[in-house]
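A.B. asks: Next up is a structure, given as structure tokens.
The values are calculated or read from the model by the stated rules, or taken from the named source; none is laboratory data. Just so it is clear, the structure is predicted and the values come from calculations on it, not from any experiment. A quick note on method: Cβ atoms are made from the backbone with ideal geometry, for glycine too, and the neighbour counts reach across all protein chains shown. Calculation scope for accessible area: heavy atoms of the full protein, side chains included, ligands and nucleic acids excluded. Shrake-Rupley method; radii C 1.70, N 1.55, O 1.52, S 1.80 Å.
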Amino acid sequence: MSEFHERVFSGVQPTGNLHLGNYLGAITKFVSLQKTHECIYCVVDLHAITVPQDPLELQANTREVTAAFIAAGIDPHKQIIFNQSQVAEHAELAWIFNCVARIGWLNRMTQFKEKAGKDRENASIGLYAYPALMAADILIYRATHVPVGEDQKQHLELARDIAQKFNNDFSESIARNGFGGAYFPLPEPLIQGPATRVMSLRDGSKKMSKSDPSDNSRLNISDSAELIAQKIRKAKTDPEPLPSETAGLAKRPEADNLVGIYAALAEQSREEVLARFGGANFSTFKSALVDLSVEKLGPIGAEMKRLQGDNVYLDQVLRDGAGRARVIAAENMGQVKQILGFVR
Ligand code: TYM
């Protein structure tokens, strides 16, 4: 790995209802990694169309994610923020990866099974091939580190398998063309901290998700203070007070989730949160969680709203970012073509 320049890549789908899971599982990590790394953050619109999208909503949602990135603290001048469809090399490399990845590998993807549901015959080919596009997103930049929530772990493992198989299948050509022992790095998932899998506020066994029909199941990043308070007060809990040790959260998914959310927002561990709230009942803890959530999410939601009033600026950020991304992507795509033996 050491032969590769360290670079961070991650993506978020513009499918609306950006929520606390996206924020804690991914976006806060994006923000902190800028201190130490060169980062590329992508609004993955090509992924969004694997299920039907209304074109006007897709536009609005693309700008919403862009605004969230900037409002959360990603600097669009220092780092790259762009939307995937403006850099054609993502789709181009995805085709090549479709020819590297094996059907058996994709058949194991649990997210496809969940999203396609019972009517699998009617799912788009894009939804099935989605993980190959995701691998291309990362590897077209030869990125080494990928901050994501827990639900993307299997897709990241597949990206590593694709990179490894490409390196093996073309090892001679890679060496002959002067790229050393391996062309693609094996990208490392960064899945860390107390909120890598934020659960629904209504059901501690289900992931917080953009597509849950109940808006009360999630805190949206752009929710007002009143709505945040209302949703947290309604959040499902159990009758016991909070335990003083994390072991006491073991069979209490809703309590565990709220403690995890508090810990992530406060940048503490679950242990530290329980040291303070152990023995407290939920009404006390929920009040503290409302205050903390409003304190942390309120300014981001307000800044998002302000930015979303200026589409010219947001579109300019995406165009500028795409221009810079394209330079890296085009160079790497040229090398991949050389390795494959495409006449150029
Ligand atoms: P997406 O758009 O579903 O989610 C964006 C990010 O948010 C994380 N996340 C969560 N984290 C904790 N708890 C939750 N309940 C929760 N829900 C979502 C996701 O793990 C993700 O990090 N396939 C990706 C997008 C993608 C991508 C990529 C990511 C496309 N290409 C390349 C990394 C690298 C997705 O659908 O994320």
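A.B. asks: Only one of these is touching a residue at least 12 places away in the same chain (Cβ under 8 Å), outside the structural domain of ILE261 (by TED's automatic domain parsing) and over 23 Å from GLU38 (Cβ atoms): PHE170, PHE179. Name it.
C.D. replies: From the options PHE170, PHE179, the qualifying one is PHE170.
A.B. asks: Of the numbered conditions (1) open to solvent by less than 50 Å² (accessible area, probe 1.4 Å); (2) not in a strand (DSSP E or B), CYS39 satisfies every one except a single condition; which is it?
C.D. replies: CYS39 satisfies every listed condition except (2).
A.B. asks: While we're on this one: When both residues are 6+ apart or on different chains and their Cβ atoms are under 8 Å apart, which pairs have a first residue that lies in segment 237-261 and is under 12 Å from ASN281 (Cβ atoms), and a second that is hydrophobic (A, V, I, L, M, F, W, C) and not in a helix (DSSP H, G or I)?
C.D. replies: PRO241/ALA280; LEU242/ALA280; ALA255/LEU242
A.B. asks: Also: So which residues in segment 20-36 are out of contact with any Asp or Glu (no Cβ under 7 Å at 6 or more places or on another chain) and either modelled with pLDDT under 95 or more than 7 Å from the ligand (Cβ to nearest atom) (or both)?
C.D. replies: Within segment 20-36, LEU20, TYR23, ILE27, THR28, LYS29, PHE30, VAL31, SER32, LEU33, LYS35, THR36 qualify.
A.B. asks: Test ILE49 against the stated conditions and say whether it is within 14 Å of the ligand (Cβ to nearest atom), open to solvent by 40 Å² or more (accessible area, probe 1.4 Å) and either of a type in the set (Gly, Ala, Ser) or closer than 23 Å to ALA116 by Cβ (or both).
C.D. replies: In short, yes.
A.B. asks: Still on this structure, please answer the following. Considering only segment 144-166, state which residues are more than 8 Å from the ligand (Cβ to nearest atom) and open to solvent by less than 10 Å² (accessible area, probe 1.4 Å).
C.D. replies: THR144, LEU158, ILE162, ALA163, PHE166
A.B. asks: Does ILE174 qualify as being in a helix (DSSP H, G or I), within 16 Å of the ligand (Cβ to nearest atom) and either small (Gly, Ala, Ser) or more than 27 Å from SER214 (Cα to Cα) (or both)?
C.D. replies: no
A.B. asks: Mind checking whether some residue in segment 211-218 is open to solvent by less than 10 Å² (accessible area, probe 1.4 Å) and more than 16 Å from SER293 (Cβ to Cβ)?
C.D. replies: no
A.B. asks: Considering only segment 301-344, how many residues are assigned to a loop (DSSP other than H, G, I, E, B) and either open to solvent by less than 30 Å² (accessible area, probe 1.4 Å) or among the aliphatic types (A, V, I, L, M) (or both)?
C.D. replies: 1
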